[in-house]
Amino acid sequence: MASDCSAVSHGGMLPYDRMLKPISRKLRRDMTDAEQRLWHRLRRKQLHDVQFYRQKPLGDYVVDFYAPTVRLVIEVDGGQHFEAAVIVADERRSAALRRMGLQVLRFDNRQVLLETDAVVEEIWRFIDARIGRA
């Protein structure tokens, strides 16, 4: 977790390392094609009226998409995420996010670009189930 001096938390917001803010801004400007395609389907509360944020700092990480009301993180992984060392780092990252009470859904770029509707359907089903439990 971020050190106490750099962690930010206001009310119900999760803490994050403020040094990640400029990185998250750059990542928003430089989204991949897959991230842009998925963002087009997530933004403006299109799924169950749930607000998503893109390239959001959480803890020591910047996640691709975050929906705080359903505590959902969505990661869109490029080809480098299939390398052994990156797989281990991704699992460590997902475990840290789960310890924060978040659920992580991962999709690879190919899935998002070629099977967009199926990806969105899986996200919709997760949100539907989460809202149904509320």
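In this structure, TYR61 does not satisfy being out of contact with any helix residue (DSSP H, G or I) (no Cβ under 6 Å at 6 or more places or on another chain) and within 19 Å of LEU27 (Cα to Cα). Among the listed residues ALA95, ALA85, identify the single one that is farther than 21 Å from ASP30 by Cβ, modelled with pLDDT of 95 or more and out of contact with any His (no Cβ under 6 Å at 6 or more places or on another chain). That would be ALA95, the only listed residue that is farther than 21 Å from ASP30 by Cβ, modelled with pLDDT of 95 or more and out of contact with any His (no Cβ under 6 Å at 6 or more places or on another chain).
Just to check your reading of the model, which residue among ARG93, ARG110 is more than 14 Å from the chain's Cα centre (by Cα), in a helix (DSSP H, G or I) and not aromatic (Phe, Trp, Tyr)? Selected residue: ARG110, the only one of ARG93, ARG110 that is more than 14 Å from the chain's Cα centre (by Cα), in a helix (DSSP H, G or I) and not aromatic (Phe, Trp, Tyr). For VAL76, the stated conditions do not hold, so it cannot be described as modelled with pLDDT of 95 or more, of a type outside the set (Lys, Arg), crowded, with 18+ Cβ neighbours inside 10 Å and part of a loop (DSSP other than H, G, I, E, B).
Scan region 112-134 for residues that are more than 16 Å from HIS48 (Cβ to Cβ) and without any contact (Cβ under 8 Å) to a residue 24 or more places away in the chain and report the count. Even if it seems obvious, please write down each step before you answer.
Step one: filter region 112-134 for residues more than 16 Å from HIS48 (Cβ to Cβ), giving 112-118.
Checking which are without any contact (Cβ under 8 Å) to a residue 24 or more places away in the chain leaves us with 114-115, 117-118.
Looking only at that region, the number is 4.
Given the criteria of a type outside the set (Phe, Trp, Tyr) and crowded, with 18+ Cβ neighbours inside 10 Å, does VAL88 qualify? In short, no.
The values are calculated or read from the model by the stated rules, or taken from the named source; none is laboratory data. Bear in mind that the values here come from a model prediction, so they are computed numbers and not experimental data. Every residue, glycine among them, receives a Cβ derived from its backbone with ideal geometry; neighbour counts consider all protein chains shown.
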